[in-house]
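All remarks here apply to the structure that follows.
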Amino acid sequence: MFDAAADCLRLLAAGARLSRHDALIPAEFAGHLPAPARLFGALTRVGANTKAADGRRLRPGERLAAAFEKMSPAYVKLGQFMATRPDIVGFDMAKDLGRLQDRMPAFSRADAVAEIERSFGRPLGENFIDFSEPIAAASIAQVHQATTKDGRKVAVKVLRPRIEPEVAAEFRAFSRAARLIAGLSPTTRRMEPVKFIDTLKAAAAVELDLRMEAAAASALKADLKDAPGVRIPEIVWPLTARRVLTLEWIDATPVSDFAALAAKGVDRKRLARTIITVFLTQALIKGFFHADMHQGNLMIDEEGRLALVDFGIMGRLDETTRRTFAEIIHGFITRDYHRTAKVHIDAGYVPKTHSVDAFAQALRAVGEPLFGLSADKVDMSRVLQQLFDVTALFDMHLRPELVLLQRTMVTVEGVARALDPEINMWEAATPVVRGAIAEAIGPRRQIERLRDATQKALDIAPHLPRYVELIAAASERVSDDAISASQRAT
């Protein structure tokens, strides 16, 4: 009873905040609603702040992002997660939410010190020579600069005080709202709002354990150890715990600081291609990728290497998915729409009841208009929106990991295009895509598959006599039953 009342109060407060930005029932969507809902929406919009600094009306996604930025950490996470699901919220809104700024007021240095001492069971001075005031603060944690006892310069990330119960309470309210939404109509039920919130809750649980972020950074560093010009910070494991993450400090320049990049002599065109190459190498060859590659998480170190930071959102693709996605991209690059359609259907993304030729024709409608356009005219988010619209006609099921990959591609393209407005994403992707296909179907991989299959056969071999006995016994029982049934019938 108390939880239900508390959830209702939380949701009412959130509704009030959203209304102040015309983000509860946006005017743009009101025409699709019944009259009572339209009237309620109009009342909630009275006095709403809907204008940008330049006087233009903000888009619904921009207004929602602005509202979330002023709400609790759970709503920031909700907005970030919605940005990864353009299949649900639409590409325009996902794109706007992708720019949501995860910034919160810092908590005190004293609270951070207390958490570190609690986590390691000893005074701060036994771990660090110096420990700064907070230098960056976000919804879940904040970062301090420090120096370890052995003289290493490090970044220390500390979770916010009492963040776990606060997030848990918000998610309890989210779940209650999701169940209500699911019960409104078959359409809202098909959107699976309860599953959506459950998935977000699981993702947030990972972010609230900084050991998971440390493990992700460590794994990515191992994957990219041979990649030239790339740097992932080293994790300081003895000074990392559930609520504290310590990693190597990197003196670097954000890729968004064009003046500083110019002073360093950085070739922005080359950097743009490097960013695309590094992302696709992670995703299509290694199968484990940084899924939050916005400008704030990409920097250039003192040696000119691309440094990646903040590993809270990661994506993973299995071998089959990597090969399939590489072939799909390659099909668009080479304009082989029949092959691209066949890959979709063979992979089970599109039901086999649909015609390969018909699906290829639909894909051609998306791909052909791109060729001949200058790079600045090709908007990846628009291309993917059209692709989603077309594939929906063929009952394509969108897997979350692919949606996350596609959303990250849009982010990466945006960063690359800011550096080099003339860059062509497809052209830059070609060498990595071809490499991924060669890696997947080349002789070495075929030998590895043969070895794996042989090993499985050897594992099964000792049990074969027993399997044969069981099959023979089953066959005998079926035969006996058939004879008995025949005798009864006569």
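The values are calculated or read from the model by the stated rules, or taken from the named source; none is laboratory data. What you are looking at is a predicted structure, and each value in this text was computed from that prediction instead of being measured. With ideal geometry, Cβ positions are generated from the backbone for all residues, glycine too; neighbour counts draw on all protein chains shown.
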Just give me the residues in the range 230-270 being assigned to a loop (DSSP other than H, G, I, E, B), surrounded by fewer than 15 Cβ atoms within 10 Å (Cβ to Cβ) and small (Gly, Ala, Ser), in sequence order. Gly265
Any idea how many residues of the range 286-312 are more than 30 Å from Gly265 (Cα to Cα) and surrounded by fewer than 21 Cβ atoms within 10 Å (Cβ to Cβ)? 3
Do you know which residues across the range 138-152 are part of a loop (DSSP other than H, G, I, E, B) and either on the phi < 0 side of the Ramachandran plot or in contact (Cβ under 8 Å) with a residue 24 or more places away in the chain (or both)? Ala138, Ser139, Ile140, Lys149, Asp150, Arg152
Qualifying helices (runs of 4 or more DSSP H) (wholly inside the range 386-490; at least 1 residues being modelled with pLDDT under 65): 425-441, 443-460, 464-489
Report, by residue number, each residue of the range 100-137 that is assigned to a loop (DSSP other than H, G, I, E, B), on the phi < 0 side of the Ramachandran plot and without any contact (Cβ under 8 Å) to a residue 60 or more places away in the chain. Leu100, Gln101, Asp102, Arg103, Met104, Pro105, Ala106, Phe107, Ser108, Arg122, Pro123
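Quick one: is Phe81 surrounded by 15 or more Cβ atoms within 10 Å (Cβ to Cβ), in contact (Cβ under 8 Å) with a residue 40 or more places away in the chain, not basic (Lys, Arg) and not assigned by TED's automatic domain parsing to the domain that holds Glu164? Reasoning before the result, please.
Values: surrounded by 15 or more Cβ atoms within 10 Å (Cβ to Cβ): yes; in contact (Cβ under 8 Å) with a residue 40 or more places away in the chain: yes; not basic (Lys, Arg): yes; not assigned by TED's automatic domain parsing to the domain that holds Glu164: yes.
Yes: the conditions hold for Phe81.
So which of Ala155, Ala214, Ala227 ends up being assigned to a loop (DSSP other than H, G, I, E, B), closer than 30 Å to Arg305 by Cα and in contact (Cβ under 8 Å) with a residue 24 or more places away in the chain? Write out each step before concluding.
On the way: Ala155 fails: assigned to a loop (DSSP other than H, G, I, E, B); Ala214 fails: assigned to a loop (DSSP other than H, G, I, E, B).
The unique qualifying residue is Ala227.
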I'm checking my understanding of the structure. Among residues of the range 327-351 that are charged (D, E, K, R) and modelled with pLDDT under 90, which one is nearest to Arg434 (Cα to Cα)? Glu327
